[in-house]
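Engineer: Here it is, the structure in full.
The values are calculated or read from the model by the stated rules, or taken from the named source; none is laboratory data. Computed from a prediction, not measured in an experiment: that's the story for all the values here. Every residue, glycine among them, receives a Cβ derived from its backbone with ideal geometry; neighbour counts consider all protein chains shown. Quick note on the areas: whole protein, heavy atoms, side chains included, nothing else; ligands and nucleic acids left out. Shrake-Rupley method; radii C 1.70, N 1.55, O 1.52, S 1.80 Å.
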Amino acid sequence: MRLWLRSLWRAVVLAACCGACCRAACAEAFIVRDGEVQAEIVLPEAPLRTTKLAAQELRTVLQKIAGAKLPIVTAPTDGCPVQVYVGVSPRTERLGVTDEGLKYGAFRIVSGDNWLALVGHDSEYTPIEPWAHNWEDRFRVYDEWDAITGAKWGNPFLGMHRRYCPALGIWEADERGSFNAVNEFLRSLGARWYFPGELGECLPKLSSVALPTVNRTVRPDFPMRHLLFYYHEFWTGTDNAPANVEDLIWQMRLGLFASQEVVGSVIGHGSTLAHSRDEVKQAHPEYYALSGGKRDTDHYGWGGAPCLSSEGLFQDNVRLLQALYDHYKQPMVSVAPQDGYCDLCECELCKGKGTPERGWTGQLSDYVWGYADRVAREVYETHPDRKVSCIAYTAYLQPPLRIEQFSPNMAVILCQARGDFTDPEKRKEYSDLLQGWMAKLPSKELYIWDYYLHAQPGTTCEGVPVYFPHIIAGDLRALKDVSRGEHIEVYRNYWENRDTWDSLAANHLNCYVTARLYWDANQDVDALLEDYYEKFYGPARAEMKAFIQYAEANWPQASKNVAVIDRLFELIAAAEVAAGDGIYGKRVDLLVEYMQRLKQLRDRLARGRKDVPELRVLGGHDPTTLKLDGKLDDPFWEGLPECELVVCETGHWPPPNRTQFRAAWAADAVYLGIRCLDSDMANLNITAREAGDTSVWNGDNVEVLLETQAHSYYQVAISPAGAVVNADREKGIDTLWQSGVEAAAHVGEREWTLELRIPILKEADVGTPGAKGVVGRQPTRTYPWYFNVCRQRQRGEARELTAFSPTGQPHFHDTLKFGVMYVP
């Protein structure tokens, strides 16, 4: 008995020792050891193009990290200690590693005693003809598409060549799960890519890379992860410039994916395809919205604005979707109207379908979404497995009131700008919108359309270092398990302009944080940022952290506050000194160059409004001497100085069609008398005849813009028919604001004239039931108002803009260019 126990004990000890030896042997396995190759990269015998790209990525980056170039083979080599399998193959399947269940770019990283598998689902996209192989090829596409459909519809694949990168030999729609697995493994070694190209690459220097013990399956929190970089898409230009290729590689390293197998290739403004071609415009003018007595066939220069009550357009739109489903195998197609579609068609069929009482963001909600839901229900009968989408956007941002539940195949794409969520009220507004949409959406197919366009020239944030990583983190945590993903427009300046400034100088961090959180929305954003400060800025880590934290907290004020701008320049100057002249200095220089345009804004702010015209408004007039009829023939106007408008962009006078106005202050109100001379009164463009009709901005109108001591700023637009539209512009376009403006218009033979009374609301009366007016008090020399009186004259596509205070731009909305108004 004792002999048997001793034998058993020896066996247990021997087994334990063997196990320890095996574990030790496994722990001693290396991919690279002391700079020497210890492994080979094994591809499938017939690898897909993205799988090959993943293997090349692994070899290239490992060589930079550890100085060893691993061989790439299609079968294990005798005598090689370790195999790194990239992509699924019969060999990985025998090891128990497959791509089963790996959707939307998901991947597995699994190791054994002498092997590592980096596996995801890879596929090769093949576009279906007809598609345009270049821009000149569009005529062939139209001919073939017309033959297939028997109609004259637009084709969504005219720009298909911009979704292919010839330098890399891949399509944007190629699935690349194994590439994601490779980059996750490289990140585990410390590799980071914060910015395109070598400038954004942060790699550790290692003498050895051990074979890890790992068994991970990683799935993204959001299937759709699309950052659309203006204006490049997935294209590198005809010359495949290296900088352009670097942009695309960076996007892939971020783990982005357009997810076309989920949302298809037509995600925005898709109904335009049914009516954009000239043949349709000529044959079916009834398909287009009636505006100012004319059918709008040229809205925004090409597509036309649709009449969503047109039965013919509806039937064509249904047939178009069915054709896209059948021929191009599209899983989802948009029926959203043309961009800039904000006004109700004026035809008899559309009367009463608008909801202006809901304000700017809801005035077309029932009209547009009623049409979208009707199309969805129709195609659900023939294609119940396909989806119809529409964007919640501008005048149809709010959920409709007349639809309790959408068709089961309806998908909603909610447009937002999360950068604005620095304002808690705006954040709550969109949180409520999200809940409202989900309550009506049986499919639960909701997506986000966002905008990271702050670097775009001409915007209020041009040159401002805009950072909002914590806003991104909070929003994506809230959207997890609710949104199916995102399409974000990211401004990217043209390649030839990057020598002087780069639009990603600050925005690369927003893009990076967004992309990483797409994979795990619950991860610690502060840990991500600390890693970024350390790796990207090195010796300037502390200074850049201070700069970015200050910018994140204050960028919304930078466009109007000199002190904020000055502090930003102080902080970046300190970072310049700390960074030195090497790679870290070049990274800081990106921001220094980008912010040069901010110096121009700072100078404008410092100057204030010293170079704008002033209006001395006379007071003490008797309003009882005025009959508000628009004719300007009452004693009230006598003796008041007359002002003239000049060309808005240049300040030139006289403009082709002159405009004069007079102003007076009486009984807590501003009075304006405006005379608009016109050389073509026969074609006076009256697009609005009722109060609140925002189509006023499509035709002839006068605008009064007011910034008082208490509020910045108000907008009042008046048509030649005297129709008034009010907008509070402090936080967007709030057309529910009640100005209390009284307006009267008169149309004569050579001119049209307006008389306006703009009441003043005391600050103490704000919130009082029924209170209306411009919040402020009588302007004085010390505490003036800032204002502009402007006129738009529209004839077809020809637009003439004039203003009391010229803005130097083709629009009126530059508050720094508002003139000065005071009562002596």
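Engineer: Given an 8 Å cut-off on Cα distances and at least 6 residues of separation, report the relative contact order of segment 555-703 as a percent. Walk me through the numbers on the way to the answer.
Structural biologist: Values: 127 pairs, mean separation 20.3, N = 149.
Relative contact order of segment 555-703: 14 percent.
Engineer: Under a 5 Å amide H to amide H cut-off, with H placed in plane at 1.01 Å, what residues pair with Lys387 once short-range neighbours are removed?
Structural biologist: Close amide H contacts, sequence-distant or interchain: Met332, Val333.
Engineer: Where in segment 658-672 does the label zone of Glu800 land, with the point 7 angstrom along Cα→C-beta and an amide N cut-off under 16 Å?
Structural biologist: Output list for this probe position: 658-661.
Engineer: Same structure, new question: Whole number in Å², please: accessible area per residue of the chain, 1.4 Å probe, ligands, DNA and RNA not counted. It would help to have the intermediate numbers written out before the result.
Structural biologist: On the way: 33990 Å² over 824 residues.
About 41 Å² of surface per residue is accessible.
Engineer: I would also like to ask the following. In percent, what relative contact order does the chain have, based on Cα pairs under 8 Å that are 6 or more apart in sequence? Could you put the intermediate results ahead of the total?
Structural biologist: Details: 1699 pairs, mean separation 68.0, N = 824.
Over the chain, the number comes to 8 percent.
Engineer: Something else: Please find the FRET efficiency linking Ala210 to Val577, where r is the Cβ-Cβ separation and R0 is fixed at 51 Å, and quote it to the nearest 0.05. The partial results should precede the final answer.
Structural biologist: Numbers: r = 39 Å, r/R0 = 0.77.
Plugging the Cβ-Cβ distance into 1/(1 + (r/R0)^6) gives 0.85.
Engineer: Given 0.36 nm per residue, what is the gain on full extension from Ala417 to Asp765 after removing their alpha carbon distance, in nm?
Structural biologist: 122.0 nm
Engineer: Excluding Glu530 itself, calculate the net charge of residues whose Cβ lies under 15 Å from the Cβ of Glu530, where each Lys or Arg counts +1 and each Asp or Glu counts -1.
Structural biologist: On the way: positive: Arg192, Arg516, Lys535, Arg541, Lys545; negative: Asp524, Asp526, Asp531, Glu534, Glu543, Glu552.
Within the 15 Å Cβ shell, the charges total -1.
Engineer: Same structure again: What shape does segment 623-780 take by its C-alpha gyration tensor, where a ≥ b ≥ c are the square roots of the eigenvalues and a/c under 1.5 counts as rounded, a/b above b/c as prolate, and the rest as oblate?
Structural biologist: prolate
Engineer: Could you give the nm distance between label points at Asp146 and Val647, where each point is 7 Å from its Cα heading toward the beta carbon?
Structural biologist: Those two pseudo-labels are separated by 4.1 nm.
Engineer: So how do 316-325, 573-582, 656-665 stack up, highest first, on mean other-Cβ count within 10 Å?
Structural biologist: Working: 316-325: 22.2, 573-582: 15.8, 656-665: 20.1.
Most protected by this proxy first, the peptides run 316-325, 656-665, 573-582.
Engineer: Applying a 10 Å radius around every beta-carbon, put 57-66, 807-816 in order of their mean neighbour count, most first. Provide the component values of the computation, followed by the final result.
Structural biologist: Working: 57-66: 19.6, 807-816: 15.8.
Those peptides, ordered most packed to least, come out 57-66, 807-816.
Engineer: Still on this structure: So for the chain, Kirkwood radius off the Cα pairs, Stokes-Einstein at 4 °C and 1.567 mPa s: how many µm² s⁻¹? Intermediate results must be reported in sequence, preceding the final value.
Structural biologist: Working: Rh = 30.3 Å.
Using the Kirkwood radius from Cα pairs, D works out to 43 µm²/s.
Engineer: Still on this structure: Excluding same-chain residues fewer than 8 positions from Lys69, which lysines have a Cα within less than 16 Å of its Cα?
Structural biologist: Lys52, Lys205
Engineer: Sticking with this one: Suppose every K and R has +1 on its Cβ and every D and E has -1 on its Cβ; what is the size of the dipole of the chain about the Cα centre, in Debye to the nearest 20? Can you show the working numbers first?
Structural biologist: Numbers: 87 positive and 110 negative charges, 448 e Å.
Approximately 2160 debye in magnitude.
Engineer: For the chain, give the percent of accessible area contributed by carbon and sulfur heavy atoms, probe 1.4 Å, rounded to a whole number. Don't skip to the end; give the middle numbers.
Structural biologist: Details: 17270 of 33990 Å².
Exposed carbon and sulfur together represent 51 percent of the surface.
Engineer: Just to be sure I understand the rule: take each whole DSSP H helix in the chain, project its Cα atoms onto its long axis, keep it if the span is 20 Å or more and its mean Kyte-Doolittle hydropathy is at least -1.0. Which ones pass?
Structural biologist: On the way: long enough: 2-27 (37 Å, 1.07); 49-66 (25 Å, -0.22); 311-328 (25 Å, -0.43); 365-380 (22 Å, -0.58); 424-439 (23 Å, -1.25); 504-519 (24 Å, 0.29); 541-558 (24 Å, -0.64); 562-579 (26 Å, 1.54).
Counting only whole DSSP H runs, the qualifying helices are 2-27, 49-66, 311-328, 365-380, 504-519, 541-558, 562-579.
Engineer: Here is a further query. Could you work out how far the C-alpha centroid of segment 54-85 sits from that of segment 279-351, in angstrom?
Structural biologist: 55
Engineer: With a Förster radius of 22 Å, plug the Cβ-Cβ distance of Lys329 and Glu124 into 1/(1 + (r/R0)^6) and report the FRET value to the nearest 0.05.
Structural biologist: Efficiency, from the Cβ-Cβ distance: 0.90.
Engineer: Lysines near Lys731 by alpha-carbon distance under 22 Å, same-chain residues fewer than 8 away left out - which ones?
Structural biologist: Lys426, Lys428, Lys560, Lys762, Lys772, Lys817
Engineer: Another one. What is the sum of charges, Lys and Arg at +1 and Asp and Glu at -1, for the other residues whose Cβ falls under 13 Å from the Cβ of Arg91?
Structural biologist: Details: positive: Arg94; negative: Glu40, Glu45, Glu93.
After counting each charged neighbour, the total is -2.
Engineer: Still on this structure: Taking the highest mean first, how do the peptides 191-201, 368-378, 425-435 order by number of other beta carbon atoms within 10 angstrom per residue? Write out the running numbers ahead of the final one.
Structural biologist: On the way: 191-201: 19.3, 368-378: 22.8, 425-435: 15.2.
Packing proxy ranking, top to bottom: 368-378, 191-201, 425-435.
Engineer: OK, next. Taking the dipole about the Cα centre of the chain, with the C-beta of Lys and Arg at +1 and of Asp and Glu at -1, give me whichever of Gly474, Leu95, Ala191 is farthest to the positive side.
Structural biologist: Leu95
Engineer: Measure out, as a whole number of angstrom, how far apart the alpha-carbon centroids of segment 793-824 and segment 575-627 sit.
Structural biologist: Computed from Cα coordinates, the inter-centre distance equals 18 Å.
Engineer: On to the next question. Label segment 261-417 by shape, choosing from rounded, prolate and oblate, from the square roots a ≥ b ≥ c of the eigenvalues of the Cα gyration tensor; if a/c is under 1.5 it is rounded, and otherwise prolate applies when a/b is larger than b/c, oblate when it is not. Intermediate results must be reported in sequence, preceding the final value.
Structural biologist: Numbers: a/c = 1.64, a/b = 1.17, b/c = 1.40.
Oblate, because a/c is 1.5 or more while a/b does not exceed b/c.
Engineer: Once Lys and Arg get +1 and Asp and Glu get -1 on their Cβ, which of Ala551, Leu517, Val823 lies farthest toward the positive end of the dipole of the chain?
Structural biologist: Leu517
Engineer: Work out how much length Leu401 to Ile733 would gain on full extension: take 0.36 nm times their residue separation and subtract the Cα-Cα distance, in nm to one decimal. Intermediate values should be presented prior to the final figure.
Structural biologist: Working: separation 332, 0.36 × 332 = 119.52 nm, distance 2.09 nm.
Gain in length upon complete extension: 117.4 nm.
Engineer: Once the other residues with Cβ under 13 Å from the Cβ of Glu690 are scored (Lys, Arg +1; Asp, Glu -1), what is the net sum? Walk me through the numbers before you get to the answer.
Structural biologist: Working: positive: Lys351, Arg689; negative: Asp343, Glu346, Glu357, Asp693.
Around Glu690, the surrounding residues sum to -2.
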